[in-house]
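The values are calculated or read from the model by the stated rules, or taken from the named source; none is laboratory data. Predicted, not measured: the structure shown is a model, and the values here were computed from it. When we count neighbours, we look across all protein chains shown, and the Cβ atoms used for this are built from the backbone with ideal geometry, even at glycine. With ligands, DNA and RNA removed, areas are computed over all heavy atoms of the protein, side chains included. Shrake-Rupley method; radii C 1.70, N 1.55, O 1.52, S 1.80 Å.
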Amino acid sequence: MEARLNFFGNNVAAKFTRYINSAGKVIADSTLPAATQELVKIRASQINGCGFCTDMHTKDAVAAGETQQRLHLVAAWREAKVFTDAERAALELTEQGTRIADAAGGVSDEAWANAAKHYDEDQLAALVSLIALINAYNRMNVIVQQPAGDYQPGQFG
């Protein structure tokens, strides 16, 4: 499988990617827990059917010490006992923020209030930004049919 467009070789795509990678650094350097960040990226990528990002973020999570059990249960987090209440709130916000078109009212007040119980304002800003960012990455990769499976942890920096 070949991507429709080489995001790494095209000047416009590469420049755009550098800018959004800078946005990602702001989020990575925030106080939002790193494990939560990876869970959010994985869940949004699963929903969006982005194999490239699902591959990348599960491998990065393993490299950072995440357990296989938790990774296998991300898609079924509601029924899994292995996630904290804060992680569950982040995953709910991720799902609603990713599936905006599926809900007439967007993100519910209940999901927002639940997340706000667990995260301070800066962490909420990072969480919202992360949900928006991973959805952008997912859409780029799905549109160009970026193949999955070859990613190595730390490959992009």
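Observations on the model:
- Residues of the stretch 77-114 classified as of a type in the set (A, V, I, L, M), in a helix (DSSP H, G or I) and open to solvent by less than 40 Å² (accessible area, probe 1.4 Å), total: 6
- The one condition in (1) buried (at least 17 other Cβ atoms within 10 Å of the Cβ); (2) over 16 Å from Leu91 (Cβ atoms); (3) without any contact (Cβ under 8 Å) to a residue 60 or more places away in the chain that His118 fails to fulfil: (2)
- Filter result for Phe7 (open to solvent by less than 40 Å² (accessible area, probe 1.4 Å), of a type in the set (Phe, Trp, Tyr) and either touching a Leu at 6+ places or on another chain (Cβ under 9 Å) or at pLDDT 95 or above (or both)): no
- Every condition in (1) open to solvent by 40 Å² or more (accessible area, probe 1.4 Å); (2) acidic (Asp, Glu); (3) closer than 22 Å to Asn21 by Cβ holds for Asp60 except the one numbered (1).
- Residue count, the stretch 79-130 (criterion: farther than 19 Å from Glu66 by Cβ and among the aliphatic types (A, V, I, L, M)): 13
- Residues within the stretch 14-34 that are under 19 Å from Ala116 (Cα atoms), open to solvent by 40 Å² or more (accessible area, probe 1.4 Å) and in a helix (DSSP H, G or I), tallied: 1
- Exactly one residue out of Gln68, Gln46 is within 13 Å of the chain's Cα centre (by Cα), free of Cβ contacts under 8 Å to residues at least 40 places away in the same chain and surrounded by fewer than 22 Cβ atoms within 10 Å (Cβ to Cβ): that is Gln46.
- Of all residues in the stretch 17-39, those that are under 16 Å from Met56 (Cα atoms) have Cβ atoms under 8 Å from Cβ atoms of residues that are part of a loop (DSSP other than H, G, I, E, B) and modelled with pLDDT of 95 or more, 6 or more apart or on another chain, in Ala35/Glu66; Glu38/Glu66; Leu39/Phe83.
- Tally of residues being open to solvent by less than 70 Å² (accessible area, probe 1.4 Å) and within 15 Å of Ile20 (Cβ to Cβ) across the stretch 141-157: 3
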